[in-house]
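The values are calculated or read from the model by the stated rules, or taken from the named source; none is laboratory data. As the structure is a prediction and not an experimental result, all values here were calculated from the model. Here the Cβ is made from the backbone with ideal geometry for all residues, glycine too, and neighbour counts use every protein chain on show. All accessible areas refer to the heavy atoms of the entire protein, side chains included, with ligands and DNA or RNA removed. Shrake-Rupley method; radii C 1.70, N 1.55, O 1.52, S 1.80 Å.
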Amino acid sequence: MHEASLAGGILKLVEDAAQREGFRRVTVLRMEAGRLAGVEVRALQFALESLAPGTCLQDAQFEIEEPIGQAWCLHCSQTVEIAQRGDACPVCGSYQVQPTGGTELRVLDMLVDD
């Protein structure tokens, strides 16, 4: 489960920001995990909740948005929505699609408390 490792990286990012910006705890952490990012959102949420006690994320609310996957079809030259990597273009049926969106895992913003 690589989500535990991802959660550790997110915690480090937040703790570094807390030290740099001078806040002591996060009340809401809003993230984005695209559907093509290869992240199991429930597992990431569980990992974050497991790491949170004793850190600036203790008692934080985690909000994880899941933007849809988008791809550029090389055959019909259109941007299309895809549910997962390896899907065919819904317009022309070609498998020559290049993901262009929904691949991100990032922290969008935080609500913090001094």
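Some observations on this one:
- Test: residue in the stretch 59-70 that is among the aliphatic types (A, V, I, L, M), in contact with a Ser or Thr (Cβ under 9 Å, 6 or more places away or on another chain) and under 30 Å from ALA4 (Cα atoms): yes
- THR79 being β-branched (Val, Ile, Thr) and open to solvent by less than 70 Å² (accessible area, probe 1.4 Å): no
- Test: residue in the stretch 38-55 that is in contact (Cβ under 8 Å) with a residue 60 or more places away in the chain, of a type outside the set (Phe, Trp, Tyr) and out of contact with any helix residue (DSSP H, G or I) (no Cβ under 6 Å at 6 or more places or on another chain): yes
- Filtering GLY54, GLY93, GLY69 for residues that are at pLDDT 95 or above and in contact with a Leu (Cβ under 7 Å, 6 or more places away or on another chain) leaves a single hit, GLY69.
- Taken as a whole, the condition of being among the acidic types (Asp, Glu), assigned to a strand (DSSP E or B), modelled with pLDDT of 95 or more and open to solvent by 40 Å² or more (accessible area, probe 1.4 Å) does not apply to GLU49.
- When ARG30 is tested against (1) in contact (Cβ under 8 Å) with a residue 12 or more places away in the chain; (2) basic (Lys, Arg); (3) open to solvent by 80 Å² or more (accessible area, probe 1.4 Å), just one condition goes unmet, and that condition is (3).
- Count of the stretch 53-65 residues which are open to solvent by 40 Å² or more (accessible area, probe 1.4 Å), part of a loop (DSSP other than H, G, I, E, B) and of a type in the set (S, T, N, Q): 1
- The residue list LEU11, LEU6 contains one member that is assigned to a helix (DSSP H, G or I), in contact (Cβ under 8 Å) with a residue 60 or more places away in the chain and touching a helix residue (DSSP H, G or I) at 6+ places or on another chain (Cβ under 9 Å), which is LEU6.
- If you go through the stretch 81-114 and keep only what is on the phi > 0 side of the Ramachandran plot and either of a type in the set (Val, Ile, Thr) or free of Cβ contacts under 8 Å to residues at least 12 places away in the same chain (or both), you end up with GLY86, GLY93.
- One residue stands out among those in the stretch 89-114 that are among the acidic types (Asp, Glu) and closer than 19 Å to LEU48 by Cα: the one that is surrounded by the most Cβ atoms within 10 Å (Cβ to Cβ), which is GLU104.
- Reported count of residues in the stretch 20-46, each being within 28 Å of ARG85 (Cβ to Cβ) and in a loop (DSSP other than H, G, I, E, B), is 7.
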